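Notes for the one structure printed next.
The values are calculated or read from the model by the stated rules, or taken from the named source; none is laboratory data. Just so you know, these numbers come straight off a predicted model, no measurement behind them. Cβ placement follows ideal geometry from the backbone for every residue including glycine, while neighbour counts extend to all protein chains displayed. Calculation scope for accessible area: heavy atoms of the full protein, side chains included, ligands and nucleic acids excluded. Shrake-Rupley method; radii C 1.70, N 1.55, O 1.52, S 1.80 Å.
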Amino acid sequence: MDKVKRIVIAEDHTILREGLRSLLEGEEGFKVVGEAEDGMEATRCVMKTKPDLVLLDLSMPKMNGISALKEIKRVCPETKVMVLTIHRSDEHILQVFGAGAEGYCLKEADRTELWMAIRSVLSGKRYLSPGISEQVMEGYLDGRKTLKTESSWDSLTDREKEVLKLVGEGHKNKEIADFLCISVKTVEKHRANIMEKLDLHSASALTAYAIEKGLVDRP
């Protein structure tokens with residue numbers, strides 16, 4: 001890693017974002033070229049800066065980490081992505097690697113582990129926190145995804161999950177339409193499909209479900 005590695009930090013908690021920036025810029029050979037507080041901003045930042053690495057939180061407003069990851073890989077496939085998260089479930093891990101991430105590091109990691117993770121990903125290796133079951137990763141690499149059989153959650157499309165997240169954050173249809181650059185009528189159709197698939201019939205029920213699935217932080 002001879003040339004300076006350019007990094008974008010996507011994290012909605014300011015104190016964590018500032019801490020990561022301080023850590024990275026205190027080490028020779030690394031430069032933070034952008035920061036983002038939500039998934040949409042993260043995608044725009046990556047398109048603008050074309051970084052070597054994105055440190056990406058999963059639980060962010062407007063667009064969640066999985067959706068942002070997919071979009072980042074679509075617009076800038078050469079950029080490596082390492083997820084920094086509190087989530088350790090098989091479902092999250094398989095979704096992250098299935099969406100193209102190179103690394104998965106728990107936020108409980110210490111400084112030494114974080115640097116190991118960053119350097120591993122930048123050198124072309126895949127990284128998974130030691131605190132996570134190795135069987136999960138082995139199953140993924142062998143093509144034997146161990147996710148449960150399709151449930152109501154699995155039946156939702158990526159766009160429907162984005163809409164569900166925004167509903168859970170309390171946004172109105174017009175705001176959701178503006179965020180996602182779609183019509184209000186399309187948002188209404190997505191909401192109707194979500195309610196039918198999940199058998200939930202109120203905004204409060206959708207919000208509770210979004211919280212349960214980790215799309216929205218608990219109040």
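Answer with yes or no whether S123 is open to solvent by 10 Å² or more (accessible area, probe 1.4 Å), over 19 Å from L16 (Cα atoms), touching an Asp or Glu at 6+ places or on another chain (Cβ under 7 Å) and of a type in the set (G, A, S).
Details: open to solvent by 10 Å² or more (accessible area, probe 1.4 Å): yes; over 19 Å from L16 (Cα atoms): yes; touching an Asp or Glu at 6+ places or on another chain (Cβ under 7 Å): no; of a type in the set (G, A, S): yes.
Criteria not met by S123.
All but one of (1) part of a helix (DSSP H, G or I); (2) in contact with a Phe, Trp or Tyr (Cβ under 9 Å, 6 or more places away or on another chain); (3) buried (at least 18 other Cβ atoms within 10 Å of the Cβ) hold for L23, so report the exception by its number.
(3)
Would you mind finding the one in P77, P51 that is under 29 Å from L156 (Cα atoms) and not in a helix (DSSP H, G or I)? Show your work before the answer.
Numbers: P51 fails: under 29 Å from L156 (Cα atoms).
Only one candidate passes the filter, namely P77.
Residues are listed down the side, and each one gets a yes or a no for (1) touching a Cys at 6+ places or on another chain (Cβ under 8 Å); (2) among the aliphatic types (A, V, I, L, M); (3) within 27 Å of A177 (Cβ to Cβ); (4) at pLDDT below 95:
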{"residue": "V4", "(1), (2), (3), (4)": "no, yes, no, yes"}
{"residue": "L20", "(1), (2), (3), (4)": "no, yes, no, yes"}
{"residue": "E28", "(1), (2), (3), (4)": "no, no, no, yes"}
{"residue": "E35", "(1), (2), (3), (4)": "yes, no, yes, no"}
{"residue": "T49", "(1), (2), (3), (4)": "no, no, no, no"}
{"residue": "D57", "(1), (2), (3), (4)": "no, no, yes, yes"}
{"residue": "I66", "(1), (2), (3), (4)": "no, yes, yes, yes"}
{"residue": "E71", "(1), (2), (3), (4)": "no, no, yes, yes"}
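Could you grab me the full set of residues in the range 91-128 that are part of a helix (DSSP H, G or I) and of a type in the set (S, T, Y)?
To start, the set of residues in the range 91-128 that are part of a helix (DSSP H, G or I) comprises 91-98, 111-122.
Scanning the range 91-128 gives T112, S120.
Look through the range 1-16, keep the residues that are basic (K, R) and closer than 17 Å to A117 by Cα, and return whichever of them is least open to solvent (accessible area, probe 1.4 Å). Let's see the steps before the verdict.
Going through the range 1-16, the residues basic (K, R) turn out to be 3, 5-6.
Keeping just the survivors that are closer than 17 Å to A117 by Cα gives 5-6.
On the way: K5: 29, R6: 81 Å².
Across the range 1-16, the extreme among qualifying residues is K5.
Looking at the range 38-68, which of its residues are acidic (D, E) and touching a Ser or Thr at 6+ places or on another chain (Cβ under 8 Å)? Lay out the reasoning, then the answer.
Of the residues in the range 38-68, the ones acidic (D, E) are 38, 41, 52, 57.
Result: D52, D57.
Considering only the range 26-46, I want to know if a residue exists there that is touching a residue at least 60 places away in the same chain (Cβ under 8 Å), more than 30 Å from E175 (Cα to Cα), surrounded by fewer than 20 Cβ atoms within 10 Å (Cβ to Cβ) and out of contact with any helix residue (DSSP H, G or I) (no Cβ under 7 Å at 6 or more places or on another chain).
Checked the range 26-46: at least one residue is touching a residue at least 60 places away in the same chain (Cβ under 8 Å), more than 30 Å from E175 (Cα to Cα), surrounded by fewer than 20 Cβ atoms within 10 Å (Cβ to Cβ) and out of contact with any helix residue (DSSP H, G or I) (no Cβ under 7 Å at 6 or more places or on another chain).
Looking at the range 159-186, I want the residues that are farther than 19 Å from S59 by Cβ and open to solvent by 40 Å² or more (accessible area, probe 1.4 Å) and have a partner that is part of a loop (DSSP other than H, G, I, E, B) and of a type in the set (V, I, T) with Cβ atoms under 8 Å, at least 6 apart or on another chain. Which pairs are those?
So the pair list comes out empty.
Rundown of residues vs (1) over 21 Å from E162 (Cα atoms); (2) surrounded by 24 or more Cβ atoms within 10 Å (Cβ to Cβ), yes/no style:
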position	(1), (2)
D52	yes, no
L69	no, yes
K73	no, no
T79	yes, no
V83	no, yes
